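Values quoted throughout were computed directly from the atomic coordinates according to the rules given, and no laboratory measurement underlies them. All of these numbers come straight from a predicted model, not from anything done at the bench. In this analysis, Cβ positions are derived from the backbone assuming ideal geometry, glycine residues included, and neighbour counts consider all displayed protein chains.
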Amino acid sequence: MPVELTVDIVSRAQAGEPAGQDAFLRRYAPVLHALVRRTAPEQDPDDATQALLEKLLEVLPRFSPGGPASLTTWVFTVAHRFVLDHRKKAALRVVPLDEANAVPDAQPGADASARR
């Protein structure tokens, strides 16, 4: 397993320095790709990993090196939430309002509830 990134490299990545971001991505991209492949098989793993890495770089400045979580714990927490959010979005079906009456409702109707 790769070595944990130094505080200096993390600080440079947080500041948007390309070399720091590159080190950050090289450290976490392979394990995050494997995570996405296992936890979100309905998504293209390359596209989902790319989106996750973009999200991580976007929120990386919020990570506090002196905070309660290690960088790896923080990265996997962000990744877990990302995967859950994308699974929720995939489960939603959006249709135009004029077609809404034609979409079957998965919930039992009022008559079924009354019979229970």
Compute the distance in nm between two label points, each set 7 Å from the Cα along the Cα-to-Cβ direction, one at D98 and one at D8. 6.4
Take the Cβ-Cβ distance between R87 and R62 as r, set R0 to 30 Å, and report the resulting FRET efficiency rounded to the nearest 0.05. 0.85
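Can you tell me the FRET efficiency between R37 and E17 if r is taken as the Cβ-Cβ distance and R0 is 35 Å, rounded to the nearest 0.05?
On the way: r = 29 Å, r/R0 = 0.84.
About 0.75, to the nearest 0.05.
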